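Input: a single structure, listed below in structure tokens.
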Amino acid sequence: MAKTITDVVCPFCGTLCDDLEVGVSDDGKKIIDVYNACAIGAEKFLHSQASDRVTRPRMKQEDGSWKEVSYDEAVEYTATTLAAARKPLMYGWSSTNCEAQAIGTEIGEIVGAVMDNTATVCHGTTLIAVQDVGVPSCTLGEILNRADRIVFWGCNPAHAHPRHMSRYSIFPRGFFTGKGAKGRRMIVVDPRVTDTAKTADMHLQIEQGRDYELLTALRVAFKGEWLPDTVAGIPKKTIYEVADLMKSGRFGIIFFGMGVTQSLSKNHNIDQAICVTRDLNEYTKWNIMPMRGHYNVTGSGEVWGWLHGFPFALDLSRGFARYNPGDTTSNDLLVRDEVDAVFVIGSDPGAHFPNSSVKKIWDLPSICVDPHLTPTTAVCKLHVPVAFVGVETGGCAYRMDNVPIECRKVVDPPEGMMTDLEFLERVTARVRELKGA
Amino acid sequence: MAEYLIKNGFVYDPVLGINGDKTDVAVKDGKMVETSALSNPAEIDASGMTVMAAAVDIHAHVAGPKVCVGRNFRPEDKLFRATPQAGIKRMEGGFSVPTVLKTGYDYARMGFGFVMEAAMPPLYARHVHEEIRDTPIIDEAALPVFGNNWFVLEYLKNQEIENTAAYIAWLLRMTRGFGVKNVNPGGTEAWGWGLNCPTVNDPVPYFDITPAQIVRGLIEANEFLGLPHCMHVHANSLGQPGNYTVTLDTLKQAEGIKARNEFGRDQVLHHTHLQFHSYGGESYASKSFESKSKEVADYINARDNITFDLGVVTLDETTTMTADGPFEHHLTELNHLKWVNTDVELETAAGVVPYIYSPKTFIAGAQWAIGIELGLFAKDPMRTFITTDHPNAGPFIRYPRVYKWLMSKAAREDMLDNVLKYGNTVRDRCYIGEIDREITLFELAQMTRAGPAKALGLAGMFGSLKPGMEGDVAVYPYNPETSGDPEDIERAFSHAQYLIKGGDVVVREGQVVSNGNKRTFWVDCKVNENPQVERDVAEKFKRYYSVNLANYEVYAHHYVPNPYVIEVDATQ
């Protein structure tokens, strides 16, 4: 009979579900099954059990082959590379815990690194918009208990955050929302007919890249002012209808994703979406929330916030903290040849950065700390496999609404494997020696 | 461990009754001792300087989600304000919302040893503790907010004090919290629907309980438990003209209740940043708005069970942040600057808006005057504490400037004559021009050391140099015999010459030389088993919280790696 571990936190997406149950073998060494999780979350747990998992660091050789090295050698290579670099890039930080992020930032301070997280190609534009106009928001439980108007704008939770709608936003019955989905009106704004759009009360099939126009039109419509016949492919009658629907709610929320943050107009879209929310607060209660992707990308922004005051694109290379997106963001630094070493942890730029940036990583001394084999591990000089945070070690992670939750350890990592935190602590100690700090 | 002898300073210690006498002070093994107990001490020459116990801040927003929002959404707050890493000291940045590193160093440089984070949303307790953990040197604790919590609203509606108390004890343990904070009682829950409770008699939507009931109920529950600190309230209608009547109505809820605790605390209600709550008139216009500081101070002077802190406006560009969600919305409507709001399920809300207290406006000048007046009208410095409600009325690094204004009529006159554009109108609408009082160094030590330590129930550890107390000593380069210029006060108290914290030197000759060994204080209160509260907690987490009950408690070592637990037994 297998044991069941309850209240397990899912280290996959920003929804950070904390109600998983994981069945492990009697000896506590093997994960047998995962309950309550979505398909992606379950796969993350089960994948850690793969028999072909890399369990020791590997160095790339001259001929392109890989040679297994010890963790000691990996610490030494990482520390000497970072200490010797004039301006290393330390990127990622979104799929690891806050303790690792905090100690990693100390390394960045000692060696004068530029620290950047995955927001740089995701919700970084949101963070910039928040610096422009703020953000009225709430926790996900508020949506569960109060919300009667839900807008999904440029996001597709049915696939990207699979349990979002059932746990928080559409289907559950909360304190003031006893009728569940029947009491809520759901609006989806997306150029595609996604599975999320198919469940909506209203789907605004907007022309691609015209979000700014439609958001502005809504602000006009709230005031009942004149609109042209169509805006962004949506007839004005529909826009007035949606505006009324939004104003008539008792508690509303706009969830938005990369459809607006990384399409034409970028942060200006979000400025406008936040202003829509501000306007609605003149009439009733409205909120807006980014659908953060990685389970702890939010946490890395918080850790850097309290240590240095900036949520991403954190440049420590001058000896003090500096922030200038477009200048201190990863891709800009890489394509301009401004960094001379790359350290990646808890992220996969090899799969998500433009090819021109990935080639630069390939050319530079580079380290990738990641439990998986990824396109990034393939282009880096050193791959350091580590224990899975949230499966094989605990630690703090921040949900998309900034709520911190302590992840649980379910099983031990394969024998002799280090955690992110252990590896970074070793590197910190060695970097201190090398730098005399 | 080290021994230190601080020689020949002018010592101020209200607890020992020392008022500027030249005497020696001794620290050994982390504690204050008699000078005779030292064997081979390192000597610190404090001649010509002022020696006090390290200061205690009873109310500042220095750690947690809204503070971090303030940092992250205001890059402009850090522009040209970064300090590089040097020696053991890490990089610093920020002004009104400094990074945690700068927070710890700045407090140490001002001679502080203990700081109370004034509002912790329970669901975000981990975040608060992570920031506290990473703040160097100073000891800290955090007050979870209770005044809009659904459990509290439901229990108090039925006058169930014992259940409320059991819930408070449980939540303090879950969040590693210190005491009971109560922000805009009921109004923040109403804000869930975009509404507010402007007076103490406005019922909370759905929950049908009034702010007055919440205030009185939380005082009673706090005394039922006998916690070290009393109920710590930020009343309804903060910042509204004419709100002093709401403030008086709130203070009246403490009438007839006596303190019941084993920590030497005598008061049952602490009203924070009273400046924001002492306004008369009907609008912000200078022909209507007026100071009601005297009326409020008179009420408090005539009672002995209330303490308060000032919340002095320092006339800076700052970042306001509070669990008073509707107030921050009101503020963004006023100044049209960026606005962050976060409603927290079943518990509270918070808002953040930048704000510029410009000396060129009448209203900022009047607010400045009201804060100072409260400090000068107050008869008992042991119940009157100096704060700026950091960062709401101004950043905490301005405390020494506030000391200057309180200690020097000349400095106040200079403000009214030369700094404030509408100084004469401020004289006209406020009391400040009529007051001659100047706070003494002895009274300053009461208002920043002995007083707040006693109100927090920490009089046995902080606020005095008595043998047996924590070895926390601050030495300021201020000579009370020769210093005449009010600017000397600000300069000296901004840059302590020495700070000894927990028996170790952390500031030497004005420079931070150690990251200290900071502790997180929390209160572990034992209560009788209470099946109803246990059932209610289980039920609410199952149905209405977005996290599971098992994932709520801040248990892991990395949140509170160096705890100091105060145990309270409320089982009888």
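Bear in mind that the values in this text are calculations on the coordinates, not laboratory data. Every value quoted in this text rests on a predicted model; they were computed, and no experiment measured them. All Cβ positions, glycine included, derive from the backbone under ideal geometry; neighbour counts span all protein chains shown.
Once the Cβ-Cβ distance of B:ASP524 and B:ASN158 is raised to the sixth power relative to R0 = 30 Å, the FRET efficiency obtained is 0.65.
Taking neighbour Cβ counts within 10 Å as the exposure measure, how do B:ASP139, A:ASP279 sort from fewest upward? Intermediate results must be reported in sequence, preceding the final value.
Values: B:ASP139 28, A:ASP279 17.
Least to most surrounded, the residues fall as A:ASP279, B:ASP139.
Relative contact order for chain B using alpha-carbon pairs under 8 Å, separation at least 6, rounded to a whole percent? Computed over chain B, the figure is 20 percent.
Alpha carbon centre of region A:306-371 versus region B:178-251: separation in Å? Comparing the Cα centres of region A:306-371 and region B:178-251, I get a distance of 48 Å. Listed by chain and number, the lysines placed with their C-alpha closer than 23 angstrom to that of A:LYS30 are A:LYS3, A:LYS44, A:LYS409; residues fewer than eight positions away on the same chain are left out. Packing order of peptides B:479-489, B:311-321, A:213-223, highest average first: B:311-321, A:213-223, B:479-489 (average count of other Cβ atoms within 10 Å over each peptide's residues). For A:ILE32, the amide hydrogen comes within under 5 Å of the amide hydrogens of A:GLY23, A:VAL24, A:SER25, counting only partners 5 or more places away or on other chains and with H modelled in the peptide plane. Computed log10 I(q)/I(0) for the protein assembly as shown at 0.10 Å⁻¹: -1.24, from the Debye equation with unit scatterers placed on every C-alpha and solvent omitted. Around the amide H of B:ASP343, modelled in the peptide plane, lie the amide H atoms of A:SER137, A:CYS138, A:THR139, B:ALA350, all under 5 Å away and 5 or more residues distant in sequence or on another chain.
One Cα centroid belongs to region B:510-566, the other to region A:97-132; the line between them spans 28 Å.
Using 0.36 nm per residue, how much length does the chain from A:ASP132 to A:ARG336 gain when fully extended, once their Cα-Cα distance is taken away?
Working: separation 204, 0.36 × 204 = 73.44 nm, distance 2.71 nm.
Using 0.36 nm per residue and subtracting the Cα-Cα distance, I get 70.7 nm.
The distance linking region A:80-96 with region B:347-401 is 43 Å (Cα centroid to Cα centroid, whole angstrom). Net charge of the neighbourhood of A:GLY14, taken over other residues with C-beta under 10 Å away and scored Lys/Arg +1, Asp/Glu -1, is +1. Residue by residue, region A:405-415 carries 3J(HN,Hα) couplings of 9, 7, 5, 10, 8, 9, 9, 6, x, x, 3 Hz when phi is fed to the Karplus relation 6.51 cos²θ - 1.76 cosθ + 1.60 (θ = phi - 60°); x denotes Gly or Pro.
I'd like the mean, over residues of B:63-75, of how many other protein chain beta carbons sit within 10 Å of each residue's own Cβ. Present the calculation step by step, with values, prior to reporting the outcome.
Values: counts 1, 1, 7, 0, 2, 9, 8, 2, 9, 13, 11, 2, 10.
If you average over the peptide's residues, the count of other-chain Cβ atoms is 6.
Roughly how crowded by other chains is peptide B:499-505, in terms of the mean Cβ count from those chains within 10 Å of each of its Cβ atoms? List each step's numbers first, then the result.
Working: counts 0, 0, 0, 0, 0, 0, 0.
That works out to 0 on average.
Using the Cβ-Cβ distance between A:GLU73 and B:ALA86 with R0 = 25 Å, the FRET efficiency computed as 1/(1 + (r/R0)^6) comes to roughly 0.15. Among the DSSP beta bridges whose two residues both lie in chain A, what percent are antiparallel, rounded to the nearest 5? So the antiparallel bridges in chain A amount to around 40 percent. Residue separation of B:HIS557 and B:GLU317 scaled by 0.36 nm, minus their Cα-Cα distance, works out to 82.6 nm of gained length.
How high is the relative contact order of chain A, given as a whole-number percent (alpha carbon pairs under 8 Å, six or more residues apart)?
Numbers: 940 pairs, mean separation 106.0, N = 437.
Reported relative contact order: 24 percent.
For A:SER94, the residues whose modelled amide H falls within less than 5 Å of its own, excluding neighbours fewer than 5 places apart on the same chain, are A:THR118.
In this simple spin-label model, placing a label point 7 Å from the Cα along the Cα-to-Cβ direction at both B:SER39 and A:LYS198 gives a separation of 8.2 nm. Note that region A:328-337 has calculated 3J(HN,Hα) couplings of 9, 9, 3, 5, 5, 5, 5, 5, 8, 6 Hz, one per residue in order, obtained from phi through the Karplus relation 6.51 cos²θ - 1.76 cosθ + 1.60 (θ = phi - 60°); glycine and proline are x.
Across region B:426-436, coupling constants 3J(HN,Hα) worked out from phi with the 6.51/-1.76/1.60 Karplus curve, θ = phi - 60°, read 4, 4, 5, 8, 10, 8, 4, x, 8, 9, 9 Hz, and Gly and Pro carry x. Taking a point 7 Å out from the Cα of A:LEU434 in the direction of its Cβ, the residues of region A:75-95 whose backbone N falls within less than 14 Å of it are A:75-90.
Each Lys or Arg adds one and each Asp or Glu takes one away; over the other residues whose Cβ falls under 12 Å from the Cβ of B:VAL180, this sums to -1.
When both bridge partners sit in the protein assembly as shown, DSSP labels roughly 45% of those beta bridges antiparallel.
Once R0 is set to 60 Å, what does the formula 1/(1 + (r/R0)^6) return for the Cβ-Cβ distance between A:HIS352 and B:ARG508, expressed as a FRET efficiency to the nearest 0.05?
Values: r = 49 Å, r/R0 = 0.82.
After rounding, the FRET efficiency stands at 0.75.
Measure up B:LYS252/B:LYS526; B:LYS22/B:LYS379; A:LYS360/A:LYS381; A:LYS285/B:LYS542; A:LYS285/B:LYS157 against 18 Å on the Cα-Cα distance and list the ones that go over. It would help to have the intermediate numbers written out before the result.
Working: B:LYS252/B:LYS526 30 Å; B:LYS22/B:LYS379 27 Å; A:LYS360/A:LYS381 12 Å; A:LYS285/B:LYS542 26 Å; A:LYS285/B:LYS157 25 Å.
Long pairs (Cα-Cα over 18 Å): B:LYS252/B:LYS526; B:LYS22/B:LYS379; A:LYS285/B:LYS542; A:LYS285/B:LYS157.
Which whole number gives the average count of other chain Cβ atoms within 10 Å of the Cβ atoms across peptide A:393-406?
Numbers: counts 0, 2, 2, 8, 1, 5, 2, 0, 7, 7, 11, 12, 7, 9.
Partner-chain Cβ atoms within 10 Å, mean over residues of A:393-406: 5.
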